[in-house]
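Following: one structure in structure tokens, then a few remarks.
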Amino acid sequence: MKRILITGALGQIGSELAHYLAKEYGKDNIIATGRSHRNIEALGDLHFEMLDVSDGERLNELVEKNKIDTIVHLAAILSAKGETMPQETWHTNMGGLQNVLEVAKNTGAAVFTPSSIAVFGKDFPLDNTPQSTVMLPTTMYGVTKVSGEILADYYHQKFGVDARGVRYPGIISHLTLPGNGTTDYAVHIYYEAVKNNKYTSYIAKDTYMDMLYMPDALRAVVELMEANPDKLIHRNAFNITAMSLEPEKIAAAIRKHYPEFALDYAIDPVRQAIAESWPNSLDDTCAREEWGWHAEYDLPAMTADMLENLEKKLK
Ligand SMILES: NC(=O)c1ccc[n+]([C@@H]2O[C@H](COP(=O)([O-])OP(=O)(O)OC[C@H]3O[C@@H](n4cnc5c(N)ncnc54)[C@H](O)[C@@H]3O)[C@@H](O)[C@H]2O)c1
């Protein structure tokens, strides 16, 4: 990676990844793009361009004009929001990805595009979910993520596009709030701990899902994109994870810092059903073996860092 364009750069991941890549590759080599100026302040003085990913021509223009060699494609509509607008979710997630892959095919750019644990849904092993297993998602978001994995593999096999990706679990972070997914409770719980010392969870006790702290999620992009391609058997959509969590477990970690922290429940049936259709825990052996993936943050380290940063931000 030398000259990088990021789509959806004002979202939860993009707003941090843009700075991370600027540090690694130089500020002048990063073009952050988004379809509105919402959260633009998070980018500071990084270069920003307006780009709706449904506009393939504009994307091609930006890639050629800026001599981009890698597109990091983050623009998408996430799980819970996707269920309120399934047609638009298909259009944005699949149309956007196809435009990115077409531009990559025409210009020779490499592509990083994240998939999600939402690719799973029915009839798969919930514990230690393997890299390759049944993928029958029950949300439109999951349908687009499975299709996206297959499409990215197709562009690699058919046209030689250097497309790579991971299946992110829930990402926990303190800079930009998540964009209405199912694992968002695991971010909100920390904000509410710092603000009010209590939280009402929309996800039920004992509902396990995998999570990853943002610094690990960012490092994964660079490590996968810089990995030796000859060693990559799976290329797109590697399972990666750090911890399998449910609300009580996070609350117990928070109570090490805030002993009075209170947790109660008001279950959202839509997000609860989605959560129950996703893995309890992932097997990330293929990522470990093929490009050396490992997570650095566990629950206690992440909790200490989240609380410290949110105290600075909110108090
Ligand atoms: N955050 C997570 O927990 C998580 C987990 C698994 C996978 N992912 C994947 O990572 C990627 C980034 O996720 P995120 O959490 O940063 O999401 P987010 O919702 O915070 O950000 C996505 C951004 O894309 C933008 N966007 C939507 N439609 C667009 C369009 N047509 N053109 C241009 N921009 C558009 C949104 O405005 C938003 O700024 C997505 O592909 C998502 O599926 C995220």
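Some observations on this one:
- Förster radius 45 Å - calculated FRET efficiency between Arg35 and Ala262, Cβ distance, rounded to 0.05: 0.70
- For segment 1-74, the dipole from Cβ point charges (+1 on Lys and Arg, -1 on Asp and Glu) about the Cα centre works out to 120 debye, to the nearest 20.
- Close amide-amide hydrogen proximity is noted between Ala262 and Lys198, Tyr199, each under 5 Å apart and 5 or more residues distant or on a separate chain (H modeled in the peptide plane; Pro and chain starts excluded).
- Across every direction, the projection of the convex hull enclosing the Cα atoms of segment 213-269 has a mean area of 6.4 nm².
- Among the listed pairs Lys205/Lys313; Lys2/Lys23; Lys23/Lys231; Lys205/Lys315; Lys198/Lys256; Lys145/Lys231, those whose Cα-Cα separation exceeds 18 Å are Lys205/Lys313; Lys23/Lys231; Lys205/Lys315; Lys145/Lys231.
- Packing-based order for 60-72, 237-249, 303-315, using average beta carbon neighbours within 10 Å, highest first: 237-249, 60-72, 303-315
- Overall dimensions of segment 108-227 by Cα: Rg and Dmax, Å: 16.4, 54
- Three-way shape call for segment 137-178 based on the alpha-carbon gyration tensor, with the a/c threshold at 1.5: oblate
- Computed extension gain for Asp45 through Asn228, at 0.36 nm per residue and net of the alpha carbon distance, reaches 62.6 nm.
- Cα-based Rg of segment 104-178 normalised by 2.2 N^0.38 Å, two decimals: 1.25
- Distance histogram in 10 Å bins (all Cα pairs of segment 1-158, percent per bin): 11, 38, 34, 15, 2
- Proximity of backbone amide H atoms, modeled 1.01 Å from N, is registered between Ile240 and Arg167 at under 5 Å, excluding neighbours fewer than 5 places apart on the same chain.
- Solvent-free Debye scattering, log10 I(q)/I(0), computed from the Cα coordinates of the chain at q = 0.15, 0.16 Å⁻¹: -1.24, -1.41
- Enclosing the Cα atoms of segment 264-308 in their convex hull gives a volume equal to 131 cubic angstrom per residue.
- Antiparallel bridges, percent of DSSP beta bridges restricted to the chain (to nearest 5): 10
- In order through segment 11-17: 3J(HN,Hα) via Karplus (6.51 cos²θ - 1.76 cosθ + 1.60), integer Hz, x for Gly, Pro: x, 4, 7, x, 5, 9, 5
- Per-residue [θ]222 nm for the chain (sum of -39500 (n - 2.57) over DSSP H runs n ≥ 4, rounded to 500): -12500 deg cm²/dmol
- Directionally averaged shadow of segment 166-306, computed from the convex hull of its alpha-carbon atoms, nm²: 8.4
- Zone of Gln157's modelled label, taken as backbone nitrogen in segment 208-240 under 20 Å from a point 7 Å along Cα→Cβ: 229-239
- Two-decimal ratio, segment 1-88, of alpha-carbon radius of gyration to 2.2 N^0.38 Å: 1.08
- About the Cα centre, charge dipole magnitude for segment 172-315 (Lys/Arg +1, Asp/Glu -1 at Cβ), debye: 500
Taken together, the values in this text are just the output of simple stated rules run on the coordinates, not laboratory data. Given the structure is predicted, the values throughout are model-derived calculations rather than measurements. Virtual Cβ from ideal backbone geometry, glycine too; neighbours counted across all protein chains shown.
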